[in-house]
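S.K.: Before I ask anything, let me first share the structure, which is written out below as C-alpha cells.
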Amino acid sequence: MSQSVIIVGGGVAGIAAGVALSEEGLHVTLIEKRPLLGGRASSFTDPTTGERLDECQHGTMRCCTNLADLLERLGVHDKIKYHDRLFFLDKEGRQSVIEGCGLPAPGHTALSFLAFKSLGVKDKVGIGRAMIAMLRAGEKPEHEEIAVSDWFVKMGQTGNAVARFWRPILVSACNENLDRISCRHAFKIFCDGFLSSPTAFHFGIPSLPLGSLYHEPSVKWIEARGGTVRTKTVVERIEIEDGRATGVTLANGENLKADAVISALQFDLLLKVLPPEVAAIPLFARLSEIELSPIMGVHLWFKERIDAPEALAILDRRIEWIFNKDKSWNRPPSAGTYLSLVISASYPYTGMSKEEILAFVLEEVSACLPQFAGATLLKSQVIRWPKATISPKPGVDALRPKSKTLIQNFYLAGEWTDTDWPSTMEGACRSGYLAAEAVLQDTGISKSLLAPDLPATGFARFLRKK
Ligand SMILES: Cc1cc2nc3c(=O)[nH]c(=O)nc-3n(C[C@H](O)[C@H](O)[C@H](O)COP(=O)(O)OP(=O)(O)OC[C@H]3O[C@@H](n4cnc5c(N)ncnc54)[C@H](O)[C@@H]3O)c2cc1C
C-alpha cells in the first residue's frame, strides 16, 4: 500500500499508531521533538553519569491489555515484571499485602483483604458492599456526573476506608483527588483492575528505563517496515487546506506532505499547531476546558546499598509510593541505592521549594524504612509535572473527542481522547490503535486493532453489569 501517514508526537499514542500502521504496510513518518520516543513515559540522560533515567516511575497492570499487546509486538513485554502481591505500609508501621487466594472473582483477593491490618471490620464490610455495588452499577450516564467522593458518602464508607483504601488506589490510578474523579472512572478502575479477573491487579514494573522500553524497539520496528522516525524535530504547524490535512511544516521550515496526518500531541499543544481558524472550531476549541493535574517524582541516590521492597504503597503520608530501582533494574551493589518516589495529584507541593520537598520526603522515607535513617544521600532530583494527566472530573468525558475529526484525513490520538480509559499508558495505546483503525477504515480496510479486555470470570461474570 502506498498510503503515507505523518504522526506528530512520539509518545505511547504516536508509537502505537505508528507500529500498527506500519504493520499494515502504510508508510509512516513519526515526528518527535525530544531525543527519545516515549513522551511522558520516557527517560532522560543524567549529564553526570550518562545513565538513562526515568523522569517519573511508571507502572502498569495486567488489565492494560493494549499496552501489553504493543510491548509484545515490540518484543519487550518480557521487560515488564508483573507482581502478584501488592504491599501497603501504614503510619503505625503495619504492613499488609493484597494477593490472590484461589477463590473465583471477585473474591480472588478476599483472604488478604480480610487480613488487611490497616482496616477494621466496619471499614471492610463497607468496602465489600461498595465493591459489589460498583460491579452491579453498569454504565449509566449519571456516573459521569457524580464525584466518587460523594458516592462514598452515599454508600456510608468510613473515613478510614476512604483514607486507607479508596484514596490510595484511586488517587494513584487517576492522579486526581477523589472529589475530582467521576464515578465512571472510579468504577472502571475497580471493575477492570481488581474485581473482574483474578490477574487484573498484578502490577507491572519495567525492568529497564522507559526510554529503552519504547525508543529503540519502536524505531527498529517502524524503520524495518519502511517508515521513518525523526526525533529532535519540532512540528510547527499541521497544514489543513480546504478541509483536508495535507502535511506538516517543521520548525526548520521544511514542509512534509502525506495522505493522512495523525496528531498524537497533548491537546494543549495540538491547539498551538493547528491553523487558528481550525483551532477555533468548537470540537477543538472546547478542548481547552479539559483540566490537567500534577504529579511529582522524587529520585534519591544513597551511597550505601540498603535493602528495601521493590514497590511499597504508603498509607497516611504525603509520599504514595516508594520504588526500589536497584531491584527493578538489577543495579549492582556498588551503585549504592536508588529510590524513586511518587506523589500523585501533587497540588499542595506546586509552590514548595525543592529543599522543603526534599526535607519532608527524607523524613518520611526514614519513618517508613528505618534502615535509611542516617544513610548518605549522594544526589537527589525533584521533578514536577504540572500538566501530567487529564483530570477525570465529572463531565470530562463529554469533552474527549473521537479519533476521527471533521477534517478529512486528520485524526486524533492521545490519552485525552475518547478511549474509555483514564489518562494512562493503556489509554494512550488504545488511542493510537483507534486512530490507526480510523486511518485504515478511510483507506477501505476495516480492521479492529484493539486487544480484548481481560474477560470477567467466576461470579464476576454474573455480577458485573455492562
Ligand atoms: C509523571 C507522570 C507519571 C505517570 N505515571 C503513570 C503510570 O504509572 N502509569 C500509566 O499508565 N501512566 C502514567 N502516566 C500517564 C502516561 O505517561 C500518559 O498518559 C501517556 O504517556 C500519554 O501518552 P501520549 O502519547 O498520549 O502523550 P505524550 O506522552 O504527551 O506524547 C506526546 C509527544 O508529543 C511530543 N511533542 C510535543 N509537541 C511536539 C511538536 N510540536 N512536534 C513534535 N513532537 C511534539 C512530546 O515530546 C511527546 O513525546 C504518568 C504521567 C506522568 C507525567
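S.K.: If you check V8, V19, which single one turns out to be away from the ligand (no atom under 12 Å from the Cβ), among the β-branched types (V, I, T) and buried (at least 21 other Cβ atoms within 10 Å of the Cβ)? Steps first, please.
M.R.: Values: V8 fails: away from the ligand (no atom under 12 Å from the Cβ).
Sole residue among the options that is away from the ligand (no atom under 12 Å from the Cβ), among the β-branched types (V, I, T) and buried (at least 21 other Cβ atoms within 10 Å of the Cβ): V19.
S.K.: Specify the residue that is most open to solvent (accessible area, probe 1.4 Å); the eligible residues are those in region 413-426 that are more than 22 Å from A260 (Cβ to Cβ) and within 7 Å of the ligand (Cβ to nearest atom). Step through it out loud before you land on a result.
M.R.: Keep residues of region 413-426 that are more than 22 Å from A260 (Cβ to Cβ), which gives 420-426.
Keeping just the survivors that are within 7 Å of the ligand (Cβ to nearest atom) gives 423-426.
On the way: S423: 20, T424: 41, M425: 25, E426: 2 Å².
Restricting to residues being more than 22 Å from A260 (Cβ to Cβ) and within 7 Å of the ligand (Cβ to nearest atom), the top hit is T424.
S.K.: Just need a number here: residues in region 322-371 that are open to solvent by 40 Å² or more (accessible area, probe 1.4 Å), in contact with a Ser or Thr (Cβ under 9 Å, 6 or more places away or on another chain) and of a type in the set (A, V, I, L, M, F, W, C).
M.R.: Within region 322-371, residues that are open to solvent by 40 Å² or more (accessible area, probe 1.4 Å), in contact with a Ser or Thr (Cβ under 9 Å, 6 or more places away or on another chain) and of a type in the set (A, V, I, L, M, F, W, C) number 1.
S.K.: Does any residue of region 405-412 turn out to be of a type outside the set (S, T, N, Q), within 30 Å of T350 (Cα to Cα) and within 13 Å of the ligand (Cβ to nearest atom)?
M.R.: Looking only at region 405-412, we keep the residues that are of a type outside the set (S, T, N, Q), and these are 406-407, 410-412.
Adding the requirement that they be within 30 Å of T350 (Cα to Cα) leaves none.
No.
S.K.: Any residue that is farther than 30 Å from F323 by Cβ and more than 9 Å from the ligand (Cβ to nearest atom) - is there at least one of those in region 204-214?
M.R.: Quick first cut of region 204-214, residues farther than 30 Å from F323 by Cβ only: none.
Within region 204-214, none of the residues are farther than 30 Å from F323 by Cβ and more than 9 Å from the ligand (Cβ to nearest atom).
S.K.: Quick check on this structure: which one of K379, K393 is more than 26 Å from the chain's Cα centre (by Cα) and open to solvent by less than 80 Å² (accessible area, probe 1.4 Å)? Quick ask: steps written out before the conclusion?
M.R.: On the way: K393 fails: more than 26 Å from the chain's Cα centre (by Cα).
Checking each option against the conditions leaves just K379.
S.K.: Looking at region 193-208, which of its residues are open to solvent by less than 20 Å² (accessible area, probe 1.4 Å) and either under 16 Å from T424 (Cβ atoms) or not assigned by TED's automatic domain parsing to the domain that holds A147 (or both)?
M.R.: The first filter runs over region 193-208 and keeps only residues open to solvent by less than 20 Å² (accessible area, probe 1.4 Å), leaving 193, 195-197, 200-201, 204-206.
Result: G193, A200, F201, G204, I205, P206.
S.K.: Continuing with this model, one more query. Which condition does L111 not pass, out of (1) among the hydrophobic types (A, V, I, L, M, F, W, C); (2) more than 30 Å from S207 (Cα to Cα); (3) open to solvent by 20 Å² or more (accessible area, probe 1.4 Å), if it passes all the others?
M.R.: (2)
S.K.: Looking only at residues in region 438-466 that are without any contact (Cβ under 8 Å) to a residue 40 or more places away in the chain and in contact with a helix residue (DSSP H, G or I) (Cβ under 8 Å, 6 or more places away or on another chain), which one is nearest to the ligand (Cβ to nearest atom)?
M.R.: S448
The rows are residues; the columns are (1) outside any loop (DSSP other than H, G, I, E, B); (2) farther than 28 Å from I322 by Cβ; (3) open to solvent by less than 10 Å² (accessible area, probe 1.4 Å).
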{"residue": "V125", "(1), (2), (3)": "yes, yes, no"}
{"residue": "A163", "(1), (2), (3)": "yes, no, no"}
{"residue": "S172", "(1), (2), (3)": "yes, no, no"}
{"residue": "A186", "(1), (2), (3)": "yes, no, yes"}
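S.K.: Quick one: what pairs do we get from region 328-352, first residue in the same structural domain as I306 (by TED's automatic domain parsing), second of a type in the set (K, R) and within 16 Å of the ligand (Cβ to nearest atom), C-beta under 6 Å, 6+ apart or different chains?
M.R.: Y338/K325; S340/K325
S.K.: Would you point out the residue of region 427-456, among those that are among the hydroxyl-bearing types (S, T, Y) and open to solvent by 50 Å² or more (accessible area, probe 1.4 Å), that is farthest from S197 (Cα to Cα)?
M.R.: Applying the first criterion (among the hydroxyl-bearing types (S, T, Y)) to region 427-456 yields 431, 433, 443, 446, 448.
From what's left, open to solvent by 50 Å² or more (accessible area, probe 1.4 Å): 446, 448.
On the way: S446: 30, S448: 23 Å.
So the residue we want is S446.
S.K.: If you scan region 148-161, which residues turn out to be of a type in the set (A, V, I, L, M), part of a helix (DSSP H, G or I) and over 27 Å from the mean Cα position of the chain (by Cα)?
M.R.: V153
S.K.: Let me ask something else about it. Residues being part of a helix (DSSP H, G or I) and under 21 Å from A359 (Cβ atoms): count how many of those fall in region 371-399. Quick ask: steps written out before the conclusion?
M.R.: Of the residues in region 371-399, the ones part of a helix (DSSP H, G or I) are 371-372, 396-399.
With the extra rule that they be under 21 Å from A359 (Cβ atoms), the set shrinks to 371-372.
Residues that pass the stated criteria total 2.
S.K.: Tell me which residues, restricted to region 422-436, are more than 15 Å from G39 (Cα to Cα) and touching a helix residue (DSSP H, G or I) at 6+ places or on another chain (Cβ under 8 Å).
M.R.: Across region 422-436, the qualifying residues are P422, R430, Y433, A435, A436.
S.K.: Are any residues in region 22-37 within 16 Å of the ligand (Cβ to nearest atom) and either out of contact with any strand residue (DSSP E or B) (no Cβ under 7 Å at 6 or more places or on another chain) or of a type outside the set (S, T, Y) (or both), and if so, which ones?
M.R.: Start the filter on region 22-37 by keeping residues that are within 16 Å of the ligand (Cβ to nearest atom), which leaves 28-37.
Within region 22-37, V28, L30, I31, E32, K33, R34, P35, L36, L37 qualify.
S.K.: Within region 257-273, track down each residue that is within 16 Å of the ligand (Cβ to nearest atom) and open to solvent by 10 Å² or more (accessible area, probe 1.4 Å). Steps first, please.
M.R.: The first filter runs over region 257-273 and keeps only residues within 16 Å of the ligand (Cβ to nearest atom), leaving 258, 261-273.
Scanning region 257-273 gives A258, A264, L265, Q266, D268, L269, L271, K272, V273.
S.K.: If you don't mind, there's one more thing I want to ask. Within region 38-57, track down each residue that is more than 7 Å from the ligand (Cβ to nearest atom) and either out of contact with any Leu (no Cβ under 9 Å at 6 or more places or on another chain) or open to solvent by 20 Å² or more (accessible area, probe 1.4 Å) (or both).
M.R.: Selection gives F44, T45, P47, T48, T49, G50, E51, R52, L53.
The values are calculated or read from the model by the stated rules, or taken from the named source; none is laboratory data. Computed from a predicted model, the values in this text were never measured in an experiment. Here the Cβ is made from the backbone with ideal geometry for all residues, glycine too, and neighbour counts use every protein chain on show. Side chains included, ligands, DNA and RNA excluded: accessible areas come from the protein's heavy atoms. Shrake-Rupley method; radii C 1.70, N 1.55, O 1.52, S 1.80 Å.
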